[in-house]
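> If you scroll down you'll find the structure; I have some questions about it.
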(Lines give C-alpha, C1' and ligand atoms only; values in the text may rest on other atoms or scores of the structure.)
Protein backbone atom coordinates (compact mmCIF):
# COMPACT_ATOMS: atom_id res chain seq x y z
CA UNK A 1 0.00 0.00 0.00
CA UNK A 2 1.29 3.45 -0.88
CA UNK A 3 1.87 6.23 1.60
CA UNK A 4 -1.45 7.80 0.55
CA UNK A 5 -3.33 4.67 1.58
CA UNK A 6 -4.13 3.55 -1.97
CA UNK A 7 -3.37 0.01 -3.01
CA UNK A 8 -0.26 -0.25 -5.18
CA UNK A 9 -1.06 -1.27 -8.75
CA UNK A 10 1.13 -3.89 -10.39
CA UNK A 11 1.19 -4.20 -14.18
CA UNK A 12 1.96 -7.71 -15.45
CA UNK A 13 2.99 -7.96 -19.11
CA UNK A 14 3.22 -11.71 -19.76
CA UNK A 15 2.05 -13.74 -22.76
CA UNK A 16 1.51 -16.95 -20.78
CA UNK A 17 -2.00 -16.60 -19.38
CA UNK A 18 -1.41 -19.30 -16.75
CA UNK A 19 1.67 -17.51 -15.40
CA UNK A 20 -0.15 -14.17 -15.39
CA UNK A 21 -3.17 -15.66 -13.58
CA UNK A 22 -0.93 -17.30 -10.96
CA UNK A 23 0.93 -14.07 -10.25
CA UNK A 24 -2.33 -12.12 -10.14
CA UNK A 25 -3.76 -14.49 -7.54
CA UNK A 26 -0.74 -14.22 -5.25
CA UNK A 27 -0.39 -10.46 -5.63
CA UNK A 28 -4.08 -9.78 -5.04
CA UNK A 29 -3.99 -12.01 -1.98
CA UNK A 30 -1.30 -9.70 -0.61
CA UNK A 31 -3.41 -6.62 -1.23
CA UNK A 32 -2.14 -5.39 -4.59
CA UNK A 33 -4.29 -4.26 -7.47
CA UNK A 34 -3.26 -6.05 -10.67
CA UNK A 35 -3.60 -5.20 -14.36
CA UNK A 36 -2.30 -7.69 -16.90
CA UNK A 37 -1.70 -7.76 -20.65
CA UNK A 38 -0.30 -10.50 -22.87
CA UNK A 39 0.84 -8.09 -25.60
CA UNK A 40 3.87 -5.82 -25.30
CA UNK A 41 2.41 -2.82 -27.11
CA UNK A 42 -0.86 -2.97 -25.17
CA UNK A 43 1.08 -3.30 -21.95
CA UNK A 44 3.16 -0.24 -22.85
CA UNK A 45 0.02 1.77 -23.59
CA UNK A 46 -1.48 0.58 -20.29
CA UNK A 47 1.59 1.75 -18.38
CA UNK A 48 1.22 5.26 -19.78
CA UNK A 49 -2.47 5.30 -18.89
CA UNK A 50 -2.50 3.63 -15.46
CA UNK A 51 0.93 4.66 -14.09
CA UNK A 52 1.44 1.49 -12.01
CA UNK A 53 3.75 1.31 -9.01
CA UNK A 54 5.74 -1.54 -10.61
CA UNK A 55 5.90 -3.63 -13.79
CA UNK A 56 6.50 -7.38 -14.00
CA UNK A 57 7.73 -7.87 -17.55
CA UNK A 58 8.27 -10.96 -19.66
CA UNK A 59 10.92 -10.74 -22.38
CA UNK A 60 9.34 -12.72 -25.21
CA UNK A 61 6.16 -10.81 -26.06
CA UNK A 62 4.18 -10.20 -29.25
CA UNK A 63 4.23 -6.77 -30.98
CA UNK A 64 6.90 -5.37 -28.64
CA UNK A 65 9.41 -7.56 -26.82
CA UNK A 66 10.56 -6.92 -23.27
CA UNK A 67 13.84 -5.33 -24.34
CA UNK A 68 12.10 -2.68 -26.46
CA UNK A 69 9.46 -2.20 -23.76
CA UNK A 70 12.11 -1.54 -21.12
CA UNK A 71 14.16 0.70 -23.40
CA UNK A 72 11.20 2.89 -24.30
CA UNK A 73 9.92 3.14 -20.74
CA UNK A 74 13.33 4.29 -19.50
CA UNK A 75 13.31 7.24 -21.88
CA UNK A 76 10.65 8.93 -19.75
CA UNK A 77 9.92 6.93 -16.60
CA UNK A 78 11.69 5.49 -13.56
CA UNK A 79 8.88 3.04 -12.68
CA UNK A 80 10.45 -0.10 -11.16
CA UNK A 81 10.62 -3.06 -13.57
CA UNK A 82 11.13 -6.70 -12.66
CA UNK A 83 12.02 -8.86 -15.64
CA UNK A 84 10.54 -12.36 -15.66
CA UNK A 85 12.05 -14.73 -18.20
CA UNK A 86 13.26 -18.24 -18.99
CA UNK A 87 16.66 -16.93 -20.10
CA UNK A 88 19.24 -17.85 -17.47
CA UNK A 89 22.62 -16.73 -18.84
CA UNK A 90 24.34 -13.99 -16.86
CA UNK A 91 24.77 -12.04 -20.10
CA UNK A 92 20.98 -11.93 -20.43
CA UNK A 93 20.62 -10.68 -16.87
CA UNK A 94 23.17 -7.94 -17.51
CA UNK A 95 21.40 -7.01 -20.76
CA UNK A 96 18.18 -6.57 -18.79
CA UNK A 97 19.89 -4.39 -16.22
CA UNK A 98 21.47 -2.30 -18.98
CA UNK A 99 18.00 -1.68 -20.34
CA UNK A 100 17.01 -0.32 -16.94
CA UNK A 101 15.42 -3.25 -15.13
CA UNK A 102 15.50 -3.17 -11.31
CA UNK A 103 15.40 -6.91 -10.72
CA UNK A 104 15.46 -10.17 -12.67
CA UNK A 105 13.62 -13.42 -11.90
CA UNK A 106 14.20 -16.62 -13.86
CA UNK A 107 11.46 -19.11 -14.72
CA UNK A 108 10.47 -21.48 -13.22
CA UNK A 109 9.93 -19.45 -10.08
CA UNK A 110 8.11 -19.50 -6.78
CA UNK A 111 5.15 -17.07 -6.95
CA UNK A 112 5.72 -16.34 -3.27
CA UNK A 113 9.27 -15.27 -4.11
CA UNK A 114 8.00 -12.96 -6.84
CA UNK A 115 5.64 -11.28 -4.36
CA UNK A 116 8.47 -10.80 -1.87
CA UNK A 117 10.74 -9.38 -4.58
CA UNK A 118 7.95 -6.98 -5.60
CA UNK A 119 7.62 -5.82 -2.01
CA UNK A 120 11.39 -5.39 -1.68
CA UNK A 121 11.66 -3.27 -4.83
CA UNK A 122 8.67 -1.14 -3.81
CA UNK A 123 10.11 -0.71 -0.33
CA UNK A 124 13.40 0.52 -1.74
CA UNK A 125 11.53 2.76 -4.14
CA UNK A 126 9.27 4.38 -1.54
CA UNK A 127 11.64 4.97 1.36
CA UNK A 128 14.17 7.22 -0.35
CA UNK A 129 13.46 10.11 2.00
CA UNK A 130 13.90 7.91 5.05
CA UNK A 131 17.18 6.51 3.74
CA UNK A 132 18.66 9.67 2.24
CA UNK A 133 17.00 12.44 4.24
CA UNK A 134 15.76 15.63 2.62
CA UNK A 135 19.06 16.88 1.23
CA UNK A 136 19.33 18.50 -2.18
CA UNK A 137 22.73 18.31 -3.86
CA UNK A 138 24.03 20.30 -6.84
CA UNK A 139 27.19 20.29 -8.91
CA UNK A 140 27.73 22.16 -12.16
CA UNK A 141 24.11 21.98 -13.27
CA UNK A 142 23.43 18.46 -11.97
CA UNK A 143 20.87 18.56 -9.13
CA UNK A 144 19.63 15.66 -7.02
CA UNK A 145 16.72 15.95 -4.59
CA UNK A 146 16.15 12.98 -2.29
CA UNK A 147 12.98 14.48 -0.87
CA UNK A 148 11.36 14.72 -4.31
CA UNK A 149 13.29 11.76 -5.77
CA UNK A 150 14.19 13.97 -8.72
CA UNK A 151 17.31 14.51 -10.79
CA UNK A 152 17.78 17.38 -13.23
CA UNK A 153 20.63 18.33 -15.54
CA UNK A 154 20.71 22.01 -16.56
CA UNK A 155 17.07 22.26 -15.50
CA UNK A 156 15.93 19.26 -17.57
CA UNK A 157 14.50 16.25 -15.75
CA UNK A 158 16.55 13.05 -15.95
CA UNK A 159 14.72 9.72 -15.54
CA UNK A 160 16.87 7.43 -13.41
CA UNK A 161 16.07 3.96 -12.18
CA UNK A 162 15.99 3.43 -8.43
CA UNK A 163 19.40 1.75 -8.54
CA UNK A 164 20.92 4.59 -10.56
CA UNK A 165 19.43 7.14 -8.17
CA UNK A 166 20.82 5.33 -5.13
CA UNK A 167 24.31 5.15 -6.62
CA UNK A 168 24.31 8.80 -7.70
CA UNK A 169 23.05 10.05 -4.33
CA UNK A 170 25.55 7.96 -2.38
CA UNK A 171 28.48 9.17 -4.48
CA UNK A 172 27.33 12.78 -4.57
CA UNK A 173 26.72 12.89 -0.82
CA UNK A 174 30.42 12.20 -0.19
CA UNK A 175 32.32 13.87 -3.04
CA UNK A 176 35.91 12.73 -3.31
CA UNK A 177 35.29 9.58 -1.27
CA UNK A 178 36.14 6.38 -3.13
CA UNK A 179 33.34 3.79 -2.99
CA UNK A 180 34.25 0.18 -3.66
CA UNK A 181 31.85 -1.91 -5.69
CA UNK A 182 30.81 -3.69 -2.49
CA UNK A 183 30.06 -0.33 -0.88
CA UNK A 184 27.73 0.48 -3.76
CA UNK A 185 26.17 -2.97 -3.71
CA UNK A 186 25.15 -2.23 -0.12
CA UNK A 187 23.35 0.86 -1.42
CA UNK A 188 21.51 -1.18 -4.04
CA UNK A 189 20.38 -4.21 -2.07
CA UNK A 190 20.05 -3.69 1.64
CA UNK A 191 17.68 -6.69 1.84
CA UNK A 192 20.30 -9.34 1.07
CA UNK A 193 19.02 -10.03 -2.44
CA UNK A 194 21.31 -12.01 -4.72
CA UNK A 195 22.91 -9.91 -7.44
CA UNK A 196 24.91 -10.76 -10.54
CA UNK A 197 28.55 -9.89 -11.00
CA UNK A 198 29.31 -6.51 -12.63
CA UNK A 199 25.92 -5.07 -11.65
CA UNK A 200 27.51 -1.91 -10.24
CA UNK A 201 29.46 -1.32 -13.46
CA UNK A 202 26.28 -1.77 -15.49
CA UNK A 203 24.37 0.78 -13.40
CA UNK A 204 27.25 3.26 -13.46
CA UNK A 205 27.45 2.93 -17.24
CA UNK A 206 23.72 3.63 -17.54
CA UNK A 207 24.02 6.56 -15.12
CA UNK A 208 26.86 8.13 -17.09
CA UNK A 209 24.89 7.92 -20.32
CA UNK A 210 22.16 9.99 -18.66
CA UNK A 211 24.09 12.65 -16.73
CA UNK A 212 27.44 13.04 -18.50
CA UNK A 213 27.95 15.23 -21.57
CA UNK A 214 30.46 12.64 -22.82
CA UNK A 215 30.04 9.26 -21.06
CA UNK A 216 33.42 8.10 -22.41
CA UNK A 217 35.12 11.00 -20.60
CA UNK A 218 33.02 11.47 -17.45
CA UNK A 219 33.24 14.68 -15.43
CA UNK A 220 30.93 13.70 -12.54
CA UNK A 221 31.20 9.98 -11.78
CA UNK A 222 34.87 9.07 -11.91
CA UNK A 223 36.52 5.64 -12.00
CA UNK A 224 39.21 4.81 -9.47
CA UNK A 225 41.06 1.93 -11.09
CA UNK A 226 41.10 -1.30 -9.15
CA UNK A 227 38.84 0.07 -6.42
CA UNK A 228 35.55 1.55 -7.59
CA UNK A 229 34.06 5.00 -8.16
CA UNK A 230 33.89 8.50 -6.72
CA UNK A 231 32.08 11.77 -7.44
CA UNK A 232 34.13 14.87 -8.25
CA UNK A 233 34.65 17.55 -5.62
CA UNK A 234 32.58 20.73 -5.52
CA UNK A 235 29.11 19.50 -4.55
CA UNK A 236 26.83 22.16 -3.08
CA UNK A 237 24.17 21.21 -0.54
CA UNK A 238 20.69 22.70 -0.60
CA UNK A 239 21.45 25.05 2.29
CA UNK A 240 24.34 26.47 0.29
CA UNK A 241 27.24 24.80 2.08
CA UNK A 242 30.04 23.64 -0.17
CA UNK A 243 31.20 20.09 0.49
CA UNK A 244 34.54 19.64 -1.24
CA UNK A 245 35.08 16.12 0.04
CA UNK A 246 37.26 17.15 2.98
CA UNK A 247 36.40 16.60 6.63
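> When only residues in region 127-141 that are out of contact with any helix residue (DSSP H, G or I) (no Cβ under 6 Å at 6 or more places or on another chain) and buried (at least 17 other Cβ atoms within 10 Å of the Cβ) count, which is modelled with the lowest pLDDT?
Going through the qualifying residues, I end up with 128.
> For residue 84, which of the numbered conditions (1) in a strand (DSSP E or B); (2) in contact with a helix residue (DSSP H, G or I) (Cβ under 7 Å, 6 or more places away or on another chain); (3) more than 19 Å from residue 164 (Cα to Cα) fails to hold?
(2)
> Then there's this: Tell me which strands (runs of 3 or more DSSP E) are completely within region 1-62 and hold 1 or more residues being in contact (Cβ under 8 Å) with a residue 12 or more places away in the chain and farther than 19 Å from residue 122 by Cβ, or say none if there are none.
33-37, 54-58
> Continuing with this model, one more query. What's the number of the condition residue 63 fails, among (1) modelled with pLDDT under 95; (2) surrounded by fewer than 20 Cβ atoms within 10 Å (Cβ to Cβ); (3) on the phi < 0 side of the Ramachandran plot?
(3)
The values are calculated or read from the model by the stated rules, or taken from the named source; none is laboratory data. Predicted model only: the values in this text are computed from it and were never measured. In this analysis, Cβ positions are derived from the backbone assuming ideal geometry, glycine residues included, and neighbour counts consider all displayed protein chains.
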